[in-house]
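Comments concern the structure below.
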Amino acid sequence: MTTTLLKEIRACKACKDFLPYAPKPVLNFSTKSKIIIIGQAPGIKVQKSGIPWNDASGERLREWLGVSVDEFYEPANFAIVPMGFCYPGNNGKGDIPPRPECAKLWMEKILKTLKNKQLVLLIGQYSQGYFLQDTKKNNLTETVKNYQEYLPDYFVLPHPSPRNNIWLKKNP
């Protein structure tokens, strides 16, 4: 089931008319995945390489998690499922929000296959908004500060992007 679902998702072209590049969904998971990482959408470097979190954000995330590259990319350990599977583009100030089509089409189907999940990491405002809905706070800072309210179902984190260095210094 998982292999078939991954093939279907990787062949998806639902948002092709809205992307700056041809669709190339970047994600990975297994029915054995224990920790589900739900982030935003791939950046341009990840889109080009096809390897999730293969950038400075991924380096910081692996550091936060205390795992090696090999441990991180082992699907039995981590399911890597962003809100948007393809690079959405840039508006000159940074990457634009993930396309909504991915979550609408695929998120429920993916989550149903992840029977071994022990933890779901919600990284950044888009995943937190989608999963926490009315229970999220007014902003990411308040949501992250109140992370205990979402346990044991979810652990909320800011995005580990270097663009967030100032936020991370203010909110250690």
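Pairs of Lys residues in the stretch 75-137, spaced 8 or more positions apart or belonging to different chains, with C-alpha separations under 28 angstrom: 16 in total. Sorting the Cα pairs of the stretch 95-172 by distance into bins of 5 Å, from 0 upward, gives 3, 13, 23, 23, 20, 12, 5, 1 percent per bin. The percentage of C-alpha pairs in the chain whose separation is greater than 27 Å is 20%. The phi-based Karplus calculation (6.51 cos²θ - 1.76 cosθ + 1.60; θ = phi - 60°) puts the 3J(HN,Hα) values of the stretch 25-32 at x, 10, 6, 7, 6, 8, 4, 8 Hz, whole numbers, x for Gly and Pro.
Provide the percentage of antiparallel DSSP beta bridges, counting only those with both residues in the chain; round to the nearest 5. Mind dumping the intermediate values first?
Values: 2 of 12 bridges.
Once the DSSP bridges in the chain are tallied, antiparallel ones form about 15 percent.
Applying 1/(1 + (r/R0)^6) with R0 = 22 Å to the Cβ-Cβ distance of D17 and K48 gives a FRET efficiency near 0.60.
The slack in the chain from K117 to D153, taken as 0.36 nm per residue of separation less the alpha-carbon distance, amounts to 12.0 nm.
Ignoring lysines fewer than eight residues from K48 along the same chain, the ones with Cα atoms less than 19 angstrom from its Cα are K7, K13, K16, K24. Mean projection of the Cα convex hull over all viewing directions, computed for the stretch 67-128: 5.3 nm². Amide H contacts of A79: K34, I35, I36, I37, each under 5 Å away and 5 or more positions distant or on a separate chain (H built 1.01 Å from N in the peptide plane; Pro and chain starts excluded).
Determine the dipole magnitude for the stretch 2-170: charges of +1 sit on the beta-carbon of Lys and Arg, -1 on that of Asp and Glu, nothing else is charged, the reference point is the Cα centre, and the result goes in debye to the nearest 20. Display every interim value, and only then the final one.
On the way: 24 positive and 15 negative charges, 51 e Å.
Dipole magnitude for the stretch 2-170 comes out near 240 debye.
The stretch 131-168 and the stretch 1-37 have Cα centres lying 24 Å from one another.
Taken together, the values in this text are just the output of simple stated rules run on the coordinates, not laboratory data. Everything quoted here is computed from the prediction, not taken from an experiment. So basically every Cβ, Gly included, is an ideal-geometry build from the backbone, and we count neighbours across all protein chains shown.
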